[in-house]
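First up is the structure itself, then whatever we jot down about it.
Read-outs: derived from the displayed coordinates by stated rules, not from any lab. What you are looking at is a predicted structure, and each value in this text was computed from that prediction instead of being measured. With ideal geometry, Cβ positions are generated from the backbone for all residues, glycine too; neighbour counts draw on all protein chains shown.
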Amino acid sequence: MTQQHTELLIEIGTEELPPKALRGLELAFADSISRQLSDARLSFSRVHSFATPRRLAVRVHELSLKQQDQQVERRGPPTKIAFDASGNPTKAAVKFANSNGIALDKLETLNTDKGSYLVHRGIEAGRKIEDLVPGFVETALDELPIPRRMRWGSNDTEFVRPVHWVVLMAGASIIDANILGHQTGNITFGHRFHAPDAISLERAEEYPEKLEDIGKVVTGFLDRKTQILSLAQDAAKAHNGKVHVPDGLLDEVTALVEWPIPVVGSFDDAFLQLPDEVLISTLQEHQRYFPVYKTDGGLTNQFITISNIASILPDEVRLGNEKVVKPRLADAAFFWEQDLKFSLEDRAHKLTDVVYQKGLGSIHDKSQRVAELAGIIAGAIGNTTTNAIRAGQLAKADLLTEMVGEFPELQGVMGRYYAKLDGEPNDVAIAIGEHYLPRFAGDGLPTTSAGQAVSIADRVDTLTGIFALGRRPSGSKDPFALRRLALGLVRILIEGQIDLDLKQCIQDSLELQPVKSDAGIVDDIYDFILDRLKSYYLDGQNPLFKQGKISADQFETVRQRVPVSPLDFHRRLKAVVEFAQLPEGESLAAANKRIANILKASKLSGTERIDPTLLSEPAEIVLFEALTAIAEDHADAVLRQDYSKALSQLAGLRAPVDSFFDNVMVNADDAAIKANRLALLSRLRTLFLDVADLSGL
């Protein structure tokens with residue numbers, strides 16, 4: 001029998017939903033509905049999700065009207081319990097039959113290795129969607145990632161925002177249910193101002209076209225997003241400019257409007273004297289406006305805002321937006337003028353009054369530690385120390401400026417501007433701005449040597465200080481964001497190609513901390529960083545390796561060697577990945593494991609000293625000669641951290657290694673010969689261990 005299908009529509013109408021969460025709520029709602037339908041054996045062609053400030057909706061295409069009937073087999077009690085000695089059914093058998101709604105004689109017997117059991121075999125009729133879907137909707141709403149739910153009115157219903165209507169339709173039929181305190185129906189509502197009256201849906205298939213035509217609502221989040229971007233670009237072009245729209249801001253604006261209308265506004269040219277970042281932050285972060293740029297890249301005094309209404313008085317809308325932004329820019333100009341009255345050095349001294357963390361002193365104390373450590377780091381990686389030290393001393397000074405007080409997201413950025421105006425060296429100014437990088441996953445990295453040194457020093461100081469206080473992260477709790485901080489640290493070192501002894505750096509930092517630390521804390525902190533390094537590779541965050549490219553085993557082969565430099569770790573790991581792909585890789589990895597087991601089990605573990613005169617078997621002589629032939633080049637490659645070359649040379653040993661194990665008895669009766677053969681294997685294993693412990697592959 002051919003399965004019949006319908007279109008399912010679910011719409012939850014609400015007060016304005018949180019704009020930054022809207023897209024996530026939409027996807028989570030659709031994913032949950034899709035998953036539950038699939039789990040319930042209901043077929044459908046696709047799920048289409050919708051989201052606007054006042055609604056979450058899902059339309060399921062070609063949904064089967066009922067579940068497929070299912071063959072069921074339910075096992076009951078063992079026959080020895082189901083029947084007494086006379087063969088009469090016991091209460092257990094009667095109860096099992098009743099629970100399945102059948103007569104006792106309809107039960108069958110199932111014979112297994114563990115005995116025989118009563119069994120019921122039959123067909124379970126599929127349930128209709130009108131019986132299933134309401135529960136699916138309730139579950140999907142309960143599963144939404146809402147950190148804090150609210151109640152409204154006199155009932156106990158909880159949701160992210162008050163709910164005003166619920167549409168639940170299968171084709172032309174309403175699925176009767178009560179969801180979030182509302183009886184389901186076919187009545188929806190359009191734009192709050194353009195189409196405030198109820199809109200009756202005759203069929204689920206009318207959604208979303210009817211809402212757009214009559215209700216003046218573009219229901220598709222991505223459709224609206226694309227439309228807004230196009231409108232903004234066209235508006236900027238019409239004013240001989242161009243617009244750059246960050247994706248996050250575009251998502252937020254998309255979540256704020258249902259019927260997007262572009263409005264081009266402007267502000268006084270005098271404000272263009274402010275730093276571009278201040279203007280952009282004012283327009284984007286505070287007002288959700290899109291700045292307009294000249295075709296050559298400079299900022300203009302124009303902006304584009306997206307209105308949620310097609311006003312009959314567009315000039316009034318424009319003037320209203322201009323009126324709102326003017327005092328914000330005036331405040332920014334005032335902060336700029338006030339900040340220029342004091343140098344960064346003056347402000348740096350005042351950081352003594354700002355507590356950094358109880359037990360770790362003030363922010364001034366931290367700045368001094370960071371400056372000293374930055375100088376040590378700069379020297380260790382072969383750079384001049386003067387600029388790194390100076391940048392470290394001034395890096396946090398802009399925290400006391402009026403501008404950063406109003407625009408916290410500009411810390412570091414304003415420090416760079418003020419340092420330049422104070423006459424500080426250009427590298428110092430740039431380093432002050434760079435030392436916060438990277439701020440988030442995928443963010444840029446510091447590019448100057450001073451910026452790198454201060455950024456590394458700042459992160460290491462925080463790590464060592466918090467660990468010294470005994471407040472390392474536990475479970476999901478990480479109040480100081482040390483995991484993110486450590487991940488940023490390894491990104492700087494690896495992607496910035498900085499070969500730094502991080503263990504020594506941690507030790508240097510601990511010696512600068514005002515609190516004494518426990519023995520072994522250096523290893524604890526370094527292990528914590530290596531854990532972040534592991535996720536950096538396994539989760540595909542390293543630009544060289546996609547997710548799944550590196551296995552946990554490969555990572556651990558390098559970790560066993562405990563390289564003190566993350567960049568050195570990276571180079572070893574890259575070589576191991578390449579080695580594992582060689583035809584010889586698997587065989588030599590197995591040989592490494594065999595050698596490791598032999599050396600571990602033997603009382604004579606072997607020495608590095610091999611006596612050539614005790615080599616008698618042709619296979620061991622060939623292996624010894626092969627090891628001798630590559631020894632010098634191997635040592636040179638390891639010294640240069642060319643681990644790929646070192647392992648590729650060792651891959652050439654596959655034939656002599658295989659021949660050795662095929663033809664040579666390691667545990668010879670003669671103790672001297674046995675010790676010599678163990679020494680030969682030890683030499684081979686040492687060469688591999690120069691890169692990684694491949695026995696773990």
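Residues of segment 233-254 falling in the label zone of ARG192, defined by backbone nitrogen less than 16 Å from a point 7 Å along Cα to beta-carbon, are 253-254. Along segment 349-356 the Karplus relation, 6.51 cos²θ - 1.76 cosθ + 1.60 evaluated at θ = phi - 60°, assigns HN-Hα couplings of 5, 6, 5, 5, 8, 10, 6, 7 Hz to successive residues, with x for each Gly and Pro. With R₀ fixed at 41 Å, the C-beta to C-beta distance from HIS286 to LYS546 puts the FRET efficiency at about 0.60. In this structure the amide hydrogen of SER362, modeled in the peptide plane, comes within under 5 Å of the amide hydrogens of TYR356, none closer than 5 places in sequence on its chain. Taking amide hydrogens as placed 1.01 Å from N in the peptide plane, the amide H of ILE175 sits under 5 Å from those of LEU168, MET169, ALA170, each at least 5 positions away in sequence or on another chain.
Residue separation of ASP669 and SER154 scaled by 0.36 nm, minus their Cα-Cα distance, works out to 176.3 nm of gained length. When the Cα positions of ALA51, PRO147, LEU399 are compared along the charge dipole of the chain, PRO147 comes out farthest toward the positive end, with charges on each C-beta of Lys, Arg, Asp and Glu.
For segment 324-331, backbone phi angles converted through the Karplus equation (6.51, -1.76, 1.60; θ = phi - 60°) give residue-by-residue couplings of 5, 7, 4, x, 5, 5, 5, 4 Hz, Gly and Pro being listed as x. At an R0 of 51 angstrom, the distance between the Cβ atoms of SER602 and GLU108 translates into a FRET efficiency of 0.25. If one computes the Cα centroid of segment 190-246 and of segment 387-404, what distance in Å separates the two points? Distance between centres, Cα-based: 45 Å. Of the peptides 50-59, 529-538, the order by per-residue mean of other Cβ atoms within 10 Å, starting with the highest, comes out as 50-59, 529-538. Each distinct pair of alpha carbons in segment 576-696 adds a 1/r term; the inverse of their mean, the Kirkwood radius, is 14.4 Å.
With the helix formula -39500 (n - 2.57) applied to DSSP H stretches of n ≥ 4, the chain reaches a computed 222 nm mean residue ellipticity of -15000 deg cm²/dmol. Think of each Lys and Arg Cβ as +1 and each Asp and Glu Cβ as -1; about the Cα centre, that makes the dipole of the chain roughly 1520 debye.
Assign unit charges at the C-beta atoms only (+1 for Lys and Arg, -1 for Asp and Glu), then state the dipole size of segment 221-330 relative to its Cα centre in Debye, rounded to the nearest 20. Around 120 debye, computed over segment 221-330. Which FRET efficiency, nearest 0.05, do ALA40 and GLN504 yield, Cβ-Cβ r, R0 60 Å? So the FRET efficiency works out to roughly 0.50.
When peptides 500-511, 389-400 are sorted by average Cβ neighbour count within 10 Å, with the highest value leading, the order is 389-400, 500-511. Applying the Karplus relation 6.51 cos²θ - 1.76 cosθ + 1.60 with θ = phi - 60° to segment 272-282 yields 3J(HN,Hα) values of 5, 6, 6, x, 4, 4, 5, 5, 5, 5, 4 Hz, where x marks Gly and Pro. Can you give me the C-alpha center-to-center distance between segment 120-165 and segment 649-697, rounded to a whole angstrom? Answer, in whole Å: 65. For VAL515, no residue has an amide H sitting under 5 Å from its own, ignoring neighbours fewer than 5 places away on the same chain, with H placed 1.01 Å from N. Indicate the gyration tensor shape class of segment 221-330 (rounded, prolate or oblate), computed on the Cα atoms with a ≥ b ≥ c the square roots of the eigenvalues: a/c under 1.5 is rounded; otherwise a/b larger than b/c is prolate and the rest oblate. It is prolate, given that a/c is not under 1.5 and a/b is the larger ratio. For the pair segment 15-54 / segment 470-512, the C-alpha centres are spaced 39 Å from each other. Rounded to whole Å, the principal axis extents of the Cα atoms in segment 345-550 read 48, 37, 35, largest first.
One chain, two ends: ASP131 and GLU409. Fully extended at 0.36 nm per residue, the span grows by 95.0 nm beyond their Cα-Cα distance.
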